[in-house]
Amino acid sequence: MGSLLRAKKSLPGKSTKKDSSLKVREEELEIKKVKVPIGEVNVHKEVIKDNKTITVPIKREEMVIEAGDEEYYRIPLKEEEIKVSKHPVTLNEVSIKKQRKNEIQKVKTTLKKEKVISDVNGEADMKEQDPIT
């Protein structure tokens with residue numbers, strides 16, 4: 001009969017030891033912040049064409065010959081010519097920068113916590129100790 005006791009296997013979930021332990025777990029929150037793209041802003045300049053008409057007075061020399069004298073005269077004539085040149089002028093300066101804005105967001109979740117429950121069957125004595133917190 002002694003050989004029958006040695007051959008007997010323990011049932012699953014049952015311990016053949018006198019003392020055993022059970023791990024009790026609970027969930028803890030782990031908060032991480034991850035940067036994710038939310039969009040982008042494209043900033044560009046647009047050229048607007050504006051036609052301008054400006055009136056500029058100019059001087060021009062003319063040859064005036066009065067009759068009577070038959071001598072030959074060579075007189076150089078000149079006139080003012082308008083030359084237009086363009087150059088950029090800064091009207092204002094636009095500052096472009098990113099700004100951080102601090103906000104507070106609430107995260108709501110459910111955490112699980114294990115609790116040890118013991119059921120006593122029969123007349124077994126059980127002594128409970130305060131759980132370690």
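The values are calculated or read from the model by the stated rules, or taken from the named source; none is laboratory data. These numbers were taken from a predicted model, which means no experiment stands behind them. Backbone-built Cβ (ideal geometry, glycine too); neighbour counts: all protein chains shown.
Some notes on this structure:
- Meets criteria (modelled with pLDDT under 95, among the acidic types (Asp, Glu) and surrounded by 10 or more Cβ atoms within 10 Å (Cβ to Cβ)) for Glu30: no
- When Ile54, Ile117, Ile96 are checked against the criterion of being closer than 30 Å to Glu26 by Cβ, among the hydrophobic types (A, V, I, L, M, F, W, C), part of a loop (DSSP other than H, G, I, E, B) and within 55 Å of the chain's Cα centre (by Cα), a single residue qualifies: Ile117.
- Pro88 meets the conditions (1) over 30 Å from Leu22 (Cα atoms); (2) surrounded by 10 or more Cβ atoms within 10 Å (Cβ to Cβ) in every case but one. The failed one is (2).
- Close contacts from the range 73-88, counting a first residue that is in contact (Cβ under 8 Å) with a residue 12 or more places away in the chain and under 20 Å from Ile58 (Cβ atoms) and a second that is outside any loop (DSSP other than H, G, I, E, B) and among the basic types (Lys, Arg), with Cβ to Cβ under 9 Å and a gap of 6+ residues or different chains, come to Leu77/Arg60; Lys78/Arg60; Glu79/Arg60; Glu80/Arg60.
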